[in-house]
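Please read the structure below before turning to the comments.
The values are calculated or read from the model by the stated rules, or taken from the named source; none is laboratory data. From a predicted model like this one, the values you see are computed outputs, not experimental measurements. Neighbour counts run over all protein chains shown; Cβ positions are idealised from the backbone, glycine included.
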Amino acid sequence: MTTDMNSAEFRRFGHEIVDWIADYLENNRGLPVMPQVSPGVLEDALPAEAPEEGEPMERILEDFRTLVMPAVNHWNHPRFHAYFSVSASAPGILGEMLTAALNTNGMLWLSSPANTELEMVVMRWLRQWLGLPESFFGMIHDTASVSTMHALAAARLAAEPRVREDGAPRDLVVYTSEHAHSSVEKGALALGMGQKQVRKVATDAEFRLRPDLLRAAIAADRAAGLRPCCVVSTVGTTAVTSVDPVAEVQAIAEAEGLWHHIDAAYGGPAALLPEMRWMLDGAERADSLVVNPHKWLFTPIDLSAFYCRRPEVLREAFSLVPSYLRTGQDARAVNLMDYGVPLGRRFRALKLWFVMRWFGRRKVERILRSHIEWARELAGEIQADPRFELCAPTPLSLVCFRLKAGDEENRRLVDRVNESGEAFLAGNVLGGRYMLRLAIGHVRTTREDVWAVWERIRRLAADPL
Ligand SMILES: Cc1ncc(COP(=O)(O)O)c(C=O)c1O
């Protein structure tokens, strides 16, 4: 009896699916980005129980096309401008397919040497692209949230070596800006720290962490008998892509003996561009850094690159090897399970390797540079239109703006854009006022796309809202 699908069938459906993906990537501009569906639409359309007997692949694919697809919000669409615009490029998709086929688990070097070694290779390549020194050890996590949690765990252990035996001390304090991503606070919570142990330092007029206030907060905590242990700066904040003064924060971290983690989840790839390298000045001396190729480096979700200059601290925090996983120690045989929480590790490096090789540094630079240029050009257009105002500077590829009207009108404008299907935007509240965020970052987005979306926004804003 054959158990799995036979190879003739696999080939047939595999080719059909690859053809479908190629058509989707080429033609999805014609699809409404955000489906107009109500909650429950897919759940109610599918059987409440799993099938007793297997079903033919034709039926499964038919349901995918007719039931699943209409409920998909098309993140991999050139006019998806909400949150941060991400992309699964074609080479990245091919790499991901092979990862699924091999199904290796890189918990140890021995459990699949290719996983660990390719991970070391791509992490080295990416480190070089970012201009970081060799002293950074790199490994892959699923998300920046998990990378940052590991940084906080290492920072805590560096400050209090007894944490492994005794658990979380109550007097350690983590600092970040009021615009940091919630993953910093969540990471602290996951490690058993309380919200009282996370300080959110105020920012300047351009939403960057204020070093003077950081210094003051550290001094106040020391005076109160607390122990500052870590500062997290952000290169490309979620709300407005502001870039914290990394070198100044680094100098404070050194003077105060704090771990410095840099969250460059979205903004990091732009440091490839010589004209944007300033963002990471000082990062070469930081303790850890995260950058997400699954955000702005054309790699299918999920792939977060986590760099740490003190991997021995990560090991100290997490190494706990059951006897069935003990292997002879060879200095080159890195066992990545020793450096973090997950034991099982997908072969994520493969898709990033495909992306880096297929695009190469020059093409990546050209694409990122055009995203930044279009964002700045669009910011200029918005400023020139008397009905609109910019809400923040545009250092990277996100434009934050609003109609000079009430929050309700701005919210309705976002809804109308999304209902039109032509683009998908997400709003946000900044300084108590609702604003529109238009993120540019998809590998297939063109200048014409950005302009078509802007035209649509202008036309919708001309009607009563
Ligand atoms: C600056 C920043 N850091 C961290 C994250 C979290 O990323 P992830 O979804 O990979 O956990 C985000 C998400 O958008 C982000 O914008």
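Among the helices (runs of 4 or more DSSP H) confined to the stretch 3-85, there are none with at least 2 residues that are within 16 Å of the ligand (Cβ to nearest atom) and of a type in the set (D, E, K, R).
Within the stretch 66-100, the residues that satisfy the criterion of being aliphatic (A, V, I, L, M) and more than 17 Å from GLU419 (Cβ to Cβ) are LEU67, VAL68, MET69, VAL86, ALA88, ALA90, ILE93, LEU94, MET97, LEU98, ALA100. Taken as a whole, the structure places LEU213 among residues that are in the same structural domain as LYS295 (by TED's automatic domain parsing), away from the ligand (no atom under 13 Å from the Cβ), closer than 24 Å to ALA392 by Cα and touching a strand residue (DSSP E or B) at 6+ places or on another chain (Cβ under 8 Å). Just so you know, in the stretch 272-300 the residues that are touching a strand residue (DSSP E or B) at 6+ places or on another chain (Cβ under 6 Å) and hydrophobic (A, V, I, L, M, F, W, C) include one that is surrounded by the most Cβ atoms within 10 Å (Cβ to Cβ), and it is VAL291.
Scan the stretch 302-309 and give yes if some residue there is within 16 Å of the ligand (Cβ to nearest atom), surrounded by fewer than 24 Cβ atoms within 10 Å (Cβ to Cβ) and charged (D, E, K, R), otherwise no. Within the stretch 302-309, one or more residues are within 16 Å of the ligand (Cβ to nearest atom), surrounded by fewer than 24 Cβ atoms within 10 Å (Cβ to Cβ) and charged (D, E, K, R).
Could you please give the count of residues in the stretch 253-271 that are away from the ligand (no atom under 16 Å from the Cβ), crowded, with 20+ Cβ neighbours inside 10 Å and not in a strand (DSSP E or B)? Steps first, answer last, please.
To start, the set of residues in the stretch 253-271 that are away from the ligand (no atom under 16 Å from the Cβ) comprises 253-259.
Okay, now just the ones that are also crowded, with 20+ Cβ neighbours inside 10 Å, so 253, 258-259.
Next, only the ones that are not in a strand (DSSP E or B) stay: 253, 258.
Qualifying residue count, the stretch 253-271: 2.
Close Cβ contacts (under 7 Å, 6 or more residues apart or on different chains) running from residues in the stretch 61-87 that are over 27 Å from TYR266 (Cβ atoms) and aliphatic (A, V, I, L, M) to residues that are assigned to a helix (DSSP H, G or I) and more than 16 Å from the ligand (Cβ to nearest atom) comprise LEU67/LEU42; LEU67/ALA45; VAL68/LEU42. All told, ARG361 falls short of being surrounded by fewer than 21 Cβ atoms within 10 Å (Cβ to Cβ) and in the same structural domain as GLU119 (by TED's automatic domain parsing).
Residues are listed down the side, and each one gets a yes or a no for (1) of a type in the set (D, E, K, R); (2) over 29 Å from ILE218 (Cα atoms):
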residue: MET276; (1), (2): no, yes
residue: GLY282; (1), (2): no, no
residue: PRO293; (1), (2): no, yes
residue: PHE298; (1), (2): no, yes
residue: LEU303; (1), (2): no, yes
residue: ARG309; (1), (2): yes, no
residue: LEU314; (1), (2): no, no
residue: PRO322; (1), (2): no, yes
residue: ARG326; (1), (2): yes, yes
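Among the residues of the stretch 275-288, is there at least one that is in contact (Cβ under 8 Å) with a residue 12 or more places away in the chain and within 14 Å of the ligand (Cβ to nearest atom)? Yes, some residue in the stretch 275-288 is in contact (Cβ under 8 Å) with a residue 12 or more places away in the chain and within 14 Å of the ligand (Cβ to nearest atom). Filtering ALA205, ALA168 for residues that are surrounded by fewer than 20 Cβ atoms within 10 Å (Cβ to Cβ) and within 27 Å of the chain's Cα centre (by Cα) leaves a single hit, ALA205.
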